[in-house]
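Values in this text are rule-based calculations from the coordinates and carry no lab data. All values derive from a computational prediction rather than experimental measurement. Cβ sites come from the backbone with ideal geometry, for glycine too, and all protein chains shown count toward neighbours.
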Amino acid sequence: MVERALACAVVGAADTVEDGIEAFIARHQPDELLITANVFEHAARRHSFEIAAAVRDRLMAAN
């Protein structure tokens, strides 16, 4: 069950996140993405969302 829950998880620096999101989009062709960050510390969680937003911006600019 844990492996299945983490099958779509992407953890790491911006390049790793970008590769993971691109692979997810290529495989599943979603209309939208919902990003969560299960991080207790607010500053770290915010940083995680900032990375995701930067990746989103790069991917949108590429298309």
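Being within 9 Å of the chain's Cα centre (by Cα) and surrounded by 10 or more Cβ atoms within 10 Å (Cβ to Cβ), is that true of even one residue in the range 38-45?
Within the range 38-45, none of the residues are within 9 Å of the chain's Cα centre (by Cα) and surrounded by 10 or more Cβ atoms within 10 Å (Cβ to Cβ).
Does residue 61 count as in a helix (DSSP H, G or I) and either in contact (Cβ under 8 Å) with a residue 24 or more places away in the chain or hydrophobic (A, V, I, L, M, F, W, C) (or both)?
yes
For residue 21, state whether it is part of a helix (DSSP H, G or I), surrounded by 13 or more Cβ atoms within 10 Å (Cβ to Cβ) and in contact with a helix residue (DSSP H, G or I) (Cβ under 7 Å, 6 or more places away or on another chain).
Spelling it out, residue 21 is indeed part of a helix (DSSP H, G or I), surrounded by 13 or more Cβ atoms within 10 Å (Cβ to Cβ) and in contact with a helix residue (DSSP H, G or I) (Cβ under 7 Å, 6 or more places away or on another chain).
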